[in-house]
């Protein structure tokens with residue numbers, strides 16, 4: 001009897017160690033950063049951050065003429081190169097299943113309709129105790145109101161910074177709990193990521209977000225349906241200067257100035273890595289865009 005008991009305890013001890021190790025690896029993978037921007041961890045990426053190249057076998061394409069739109073990157077099959085331009089985010093074909101679902105948006109908002117000179121600035125992946133206050137000071141200097149897409153775990157870690165954003169009058173969007181690629185998750189985990197993000201933002205700021213931005217622009221009918229159930233508007237973008245990759249402030253500036261048009265929604269980041277280049281770029285582009293006759297609005 002004594003030998004059997006010891007053996008059982010040993011087996012349970014091994015099981016606990018395995019579970020703890022697996023849990024630790026999962027936590028490390030939840031907010032893994034590739035080049036300063038958190039990346040999905042569930043296998044290979046099905047939908048990368050629109051306009052960015054995050055895998056060796058991914059390629060981007062030149063935008064089609066007309067109103068600038070995001071560029072979707074998809075991993076190619078082994079031994080092949082696959083590129084696919086899109087003018088909206090995401091492709092209509094992927095969201096066709098959501099078209100007939102009552103109350104479900106066919107696709108996320110990627111432009112604002114508020115006149116020819118209205119544009120929107122969105123700031124993702126915060127709040128961050130270093131860079132969010134710098135962005136807030138800059139926005140206050142030019143009296144610009146922006147939309148901050150907050151990650152729930154970041155809002156929980158830095159509630160004071162989140163409250164500063166709310167107190168300054170900016171719009172706060174839900175950017176999930178831990179910035180996972182929702183396209184890889186089953187319905188129960190999609191709901192958990194969205195709901196926990198909302199709960200953390202509400203706990204920190206007292207606000208319930210009315211906007212939702214999917215990490216990496218990875219939209220699906222399931223995600224859109226959950227947005228509708230939570231009464232949130234799905235928010236995309238149309239100008240992505242890839243500041244998350246730290247290409248240098250001049251490159252960020254050139255991208256924004258070249259691609260911004262009336263109705264554009266500009267994507268920038270205050271979290272997920274060193275965002276000093278983003279702050280430096282915003283110091284230049286905000287006054288330049290205002291001088292060009294644009295005015296900032298929120299979606």
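How about region 281-299: which of its residues are under 27 Å from residue 174 (Cβ atoms) and assigned to a loop (DSSP other than H, G, I, E, B)? Before the answer, list the steps.
Narrowing region 281-299 to residues under 27 Å from residue 174 (Cβ atoms): 281-282, 285-286, 289, 294-299.
Result: 294, 297, 298, 299.
On the stretch given as region 161-176, residues that are in a loop (DSSP other than H, G, I, E, B), touching a helix residue (DSSP H, G or I) at 6+ places or on another chain (Cβ under 8 Å) and surrounded by fewer than 24 Cβ atoms within 10 Å (Cβ to Cβ) total 2.
Could you say which residue among 241, 234, 215 is buried (at least 21 other Cβ atoms within 10 Å of the Cβ) and over 25 Å from residue 133 (Cα atoms)?
Details: 241 fails: over 25 Å from residue 133 (Cα atoms); 215 fails: over 25 Å from residue 133 (Cα atoms).
Exactly one of 241, 234, 215 is buried (at least 21 other Cβ atoms within 10 Å of the Cβ) and over 25 Å from residue 133 (Cα atoms), namely 234.
Within region 94-119, residues that are on the phi > 0 side of the Ramachandran plot sit with their Cβ atoms under 8 Å from residues that are modelled with pLDDT of 65 or more and assigned to a loop (DSSP other than H, G, I, E, B), at 6+ positions apart or across chains, in these pairs: 115/262.
For residue 122, the test of being in a helix (DSSP H, G or I), touching a strand residue (DSSP E or B) at 6+ places or on another chain (Cβ under 6 Å), modelled with pLDDT of 50 or more and within 26 Å of residue 285 (Cα to Cα) is failed.
Beta carbons closer than 6 Å, at least 6 apart along the sequence or on distinct chains, pair a first residue in region 248-274 that is on the phi < 0 side of the Ramachandran plot with a second that is surrounded by fewer than 19 Cβ atoms within 10 Å (Cβ to Cβ) and not in a loop (DSSP other than H, G, I, E, B) for 249/280; 253/284.
Each residue in region 135-155 was checked for being assigned to a helix (DSSP H, G or I) and crowded, with 18+ Cβ neighbours inside 10 Å, and 6 of them qualify.
Output yes when any residue across region 200-208 is part of a helix (DSSP H, G or I), on the phi < 0 side of the Ramachandran plot and out of contact with any strand residue (DSSP E or B) (no Cβ under 9 Å at 6 or more places or on another chain), and no when none is. Checking region 200-208: at least one residue is part of a helix (DSSP H, G or I), on the phi < 0 side of the Ramachandran plot and out of contact with any strand residue (DSSP E or B) (no Cβ under 9 Å at 6 or more places or on another chain).
Has region 120-135 got any residue that is closer than 27 Å to residue 230 by Cβ and over 19 Å from the mean Cα position of the chain (by Cα)? Scanning region 120-135 turns up no residue that is closer than 27 Å to residue 230 by Cβ and over 19 Å from the mean Cα position of the chain (by Cα).
Output the residue which, of all residues in region 125-134 that are in a helix (DSSP H, G or I) and out of contact with any strand residue (DSSP E or B) (no Cβ under 9 Å at 6 or more places or on another chain), is surrounded by the fewest Cβ atoms within 10 Å (Cβ to Cβ). Checked region 125-134; the qualifying residue surrounded by the fewest Cβ atoms within 10 Å (Cβ to Cβ) is 133.
Considering only residues that are surrounded by 16 or more Cβ atoms within 10 Å (Cβ to Cβ) and either within 18 Å of residue 234 (Cβ to Cβ) or in contact with a helix residue (DSSP H, G or I) (Cβ under 8 Å, 6 or more places away or on another chain) (or both), which ones fall in region 193-206? Step through it out loud before you land on a result.
Kept after step one, since they are surrounded by 16 or more Cβ atoms within 10 Å (Cβ to Cβ), are these residues of region 193-206: 193-202, 204-205.
Result: 193, 194, 195, 196, 197, 198, 199, 200, 201, 204, 205.
One residue stands out among those in region 177-192 that are in a helix (DSSP H, G or I) and within 15 Å of the chain's Cα centre (by Cα): the one that is surrounded by the most Cβ atoms within 10 Å (Cβ to Cβ), which is 182.
Looking at 219, 184, just one residue is modelled with pLDDT under 95 and more than 16 Å from residue 269 (Cα to Cα), and that residue is 184.
The values are calculated or read from the model by the stated rules, or taken from the named source; none is laboratory data. All figures in this text were calculated on a predicted structure; none of them were measured in a lab. Here the Cβ is made from the backbone with ideal geometry for all residues, glycine too, and neighbour counts use every protein chain on show.
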